[in-house]
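This report concerns only the one structure given below.
The values are calculated or read from the model by the stated rules, or taken from the named source; none is laboratory data. Every value quoted in this text rests on a predicted model; they were computed, and no experiment measured them. So basically every Cβ, Gly included, is an ideal-geometry build from the backbone, and we count neighbours across all protein chains shown. Accessible surface is based on the protein model in full, side chains and every heavy atom, while ligands, DNA and RNA are left aside. Shrake-Rupley method; radii C 1.70, N 1.55, O 1.52, S 1.80 Å.
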Amino acid sequence: MDILSLIKPERRKGYLARLVVLEREVELLADQMELLKKTEDGVVRDSLFESAIIRASKLVRNSGFTIKSFREFVRQSCPRPFRKELYDLLDGFEREETLLVERIVKLKNRRDRVIVHMDPRFAFHPERDGENTVELGDLEAIFDYLKRHMSIFTLTPRT
């Protein structure tokens, strides 16, 4: 489905500007994930892992621009005759994001409580480590979701 052709003409420039930003972020996350799997240096691996957590959580759960706000922009930019088909597709990704909510919350908690803010209520209490733990599998599941999600918006399909 060529979503660009479904967007109202006056909103296409905004669509493309937002798409470029999201594509760049998902591509950077892909590069981080690839390097993360290849590196054996502990410091580099930890740094890549934390950076990937920040980037992934920023894309799915942030106070600013996210994949969800992009979906809403697309939803609002679609003329009435094309809504049924497009809304069904977007709703599928919304349902999938809902299924990933536990993993998304784990990423956001790790980002906010430990990596970015070093919240003393969480970062310095080993007994609360479980609340802030993120596994590589969590990050991979969210990355896979983001990659598949972006593939519906781009003009060239991703694998």
| message | Any residue in the range 57-72 that is free of Cβ contacts under 8 Å to residues at least 12 places away in the same chain sitting within a Cβ distance under 7 Å of a residue that is outside any loop (DSSP other than H, G, I, E, B)? List the pairs, counting only those 6 or more apart or interchain. | response | T66/L59; T66/V60
| field | Residue within the range 101-113 that is surrounded by 13 or more Cβ atoms within 10 Å (Cβ to Cβ) and touching a Lys or Arg at 6+ places or on another chain (Cβ under 7 Å) present | value | yes
| What is the number of the single condition among (1) closer than 21 Å to T66 by Cβ; (2) open to solvent by less than 30 Å² (accessible area, probe 1.4 Å) that F122 does not meet? | (1)
| note | Selection from the range 1-11 of residues surrounded by 14 or more Cβ atoms within 10 Å (Cβ to Cβ) and of a type in the set (K, R) yields R11
| Filtered residue count, the range 12-54, keeping only those that are of a type outside the set (D, E), open to solvent by less than 70 Å² (accessible area, probe 1.4 Å) and farther than 23 Å from E135 by Cβ | 6
| Is it the case that the range 74-88 has a residue that's modelled with pLDDT of 90 or more, open to solvent by less than 80 Å² (accessible area, probe 1.4 Å), within 13 Å of the chain's Cα centre (by Cα) and not acidic (D, E)? | no
| query | What is the one condition in (1) within 29 Å of G14 (Cβ to Cβ); (2) open to solvent by 40 Å² or more (accessible area, probe 1.4 Å); (3) polar (S, T, N, Q) that S57 does not satisfy? | reply | (2)
| task | Give the number of residues within the range 48-90 that are outside any helix (DSSP H, G or I) and among the hydroxyl-bearing types (S, T, Y). | result | 3
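Taking the conditions exactly as written (in contact (Cβ under 8 Å) with a residue 40 or more places away in the chain, among the charged types (D, E, K, R) and part of a helix (DSSP H, G or I)), does R11 satisfy them or not?
Yes: the conditions hold for R11.
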